[in-house]
Amino acid sequence: MFAFFVMGFVDLVGTARLVLIVISFAFLGIGNTLMQVSLNPLLTVFVKGDKLASTLTLGQFVKAFDSLFAPYIAIWGATKLGM
């Protein structure tokens, strides 16, 4: 399904840069989803007892920060690499 989406952009626009942008944002979204889903089970392995709730709250803050600033970090990285 995703391949048809990307091929549609290539056919409509004809540029590889747009495809790179779409794929980059897809990977950012996939990474954010994996981080969001895996936080609770991973923390229950390492943190026990009464510290679990505060650690989960800190993890939620880190995920929110990542969701907000990940596109800006990706843009900064692209400009530093000359893209």
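The values are calculated or read from the model by the stated rules, or taken from the named source; none is laboratory data. All of these numbers come straight from a predicted model, not from anything done at the bench. As a convention, Cβ positions derive from the backbone with ideal geometry for all residues, glycine included, and neighbour counts pool all protein chains shown. Ligands, DNA and RNA are stripped out before the accessible areas are found, and what is left, the full protein with its side chains, is counted by its heavy atoms. Shrake-Rupley method; radii C 1.70, N 1.55, O 1.52, S 1.80 Å.
The table below lists the values:
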quantity: Given (1) over 24 Å from V22 (Cβ atoms); (2) open to solvent by 80 Å² or more (accessible area, probe 1.4 Å), number of the condition L43 does not satisfy; calculated: (2)
quantity: Residue check for S24: part of a helix (DSSP H, G or I) and open to solvent by 70 Å² or more (accessible area, probe 1.4 Å); calculated: no
quantity: Test for G8: is it at pLDDT below 80 and on the phi > 0 side of the Ramachandran plot; calculated: no
quantity: Selected residue (criterion: farthest from R17 (Cα to Cα)) from residues of region 58-83 that are surrounded by 10 or more Cβ atoms within 10 Å (Cβ to Cβ) and among the β-branched types (V, I, T); calculated: V62
